[in-house]
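The block underneath contains the structure these notes are about, expressed in structure tokens.
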Amino acid sequence: MLNIEKYKEEILELAKKELNYAVTKTGKIVSCFDNDCDKCMFHKQNISNKCDVAKIIWNLQEYKEKITLTRFEYDLLEAFPNHNKFNYFKPLKSMKLRGYFKSIKDENMTIKEIMNNCEVVQDD
């Protein structure tokens, strides 16, 4: 499923009001008019600084479910080189088997991809 398909209803609702849309860095669809550019994921995403180009690219990308990490899990991932894949690190795989990193479904993602696509929640 593409992002445009996932967020179709929210985007259409804003379009009916003749409002352009933005996507906050936390993944929420909001009115572009009501959003600070620095809080939009399309801001400065390409060389020409045209958010419309970044928006088209985002629309056509596969939707990725947000990864939820505890503060402990996030801090732990920061200690590993971010260009390597999650499954490259035996200690992380072992912790996943023990119940940590439950929301990481694709262990072939790099640490950087995980951290760029996560939401940090309080530890239990």
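Just so it is clear, none of the values below were taken in a lab; they were calculated from the coordinates. What you are looking at is a predicted structure, and each value in this text was computed from that prediction instead of being measured. Cβ sites come from the backbone with ideal geometry, for glycine too, and all protein chains shown count toward neighbours.
Take Asn20 and Gln61, extend 7 Å from each Cα along the Cα→Cβ direction, and tell me the distance between the two endpoints in nm. If labels sit at Asn20 and Gln61, their model points lie 1.9 nm apart.
Here the stretch 51-95 is scanned for amide nitrogen atoms under 19 Å from the site 7 Å beyond the Cα of Gln122 along Cα-to-Cβ, giving 68-75. When the stretch 3-59 is described by a simple charge dipole with +1 on each Lys and Arg Cβ and -1 on each Asp and Glu Cβ, the residue from Leu19, Tyr7, Phe33 located farthest towards its positive end is Tyr7. Which option, (i) 52, 13, 9; (ii) 28, 18, 12; (iii) 32, 15, 13, is the value of semi-axes √(5λ) of the Cα gyration tensor in Å that was calculated from these coordinates? Label of the calculated value: (iii).
The phi-based Karplus calculation (6.51 cos²θ - 1.76 cosθ + 1.60; θ = phi - 60°) puts the 3J(HN,Hα) values of the stretch 56-72 at 5, 4, 4, 3, 8, 7, 5, 5, 10, 4, 4, 8, 9, 10, 6, 4, 4 Hz, whole numbers, x for Gly and Pro.
State which entries of Lys64/Lys90; Lys6/Lys66; Lys8/Lys64; Lys6/Lys64; Lys6/Lys93 exceed 19 angstrom in Cα-Cα distance in the structure shown. From Lys64/Lys90; Lys6/Lys66; Lys8/Lys64; Lys6/Lys64; Lys6/Lys93, over 19 Å: Lys64/Lys90; Lys6/Lys93.
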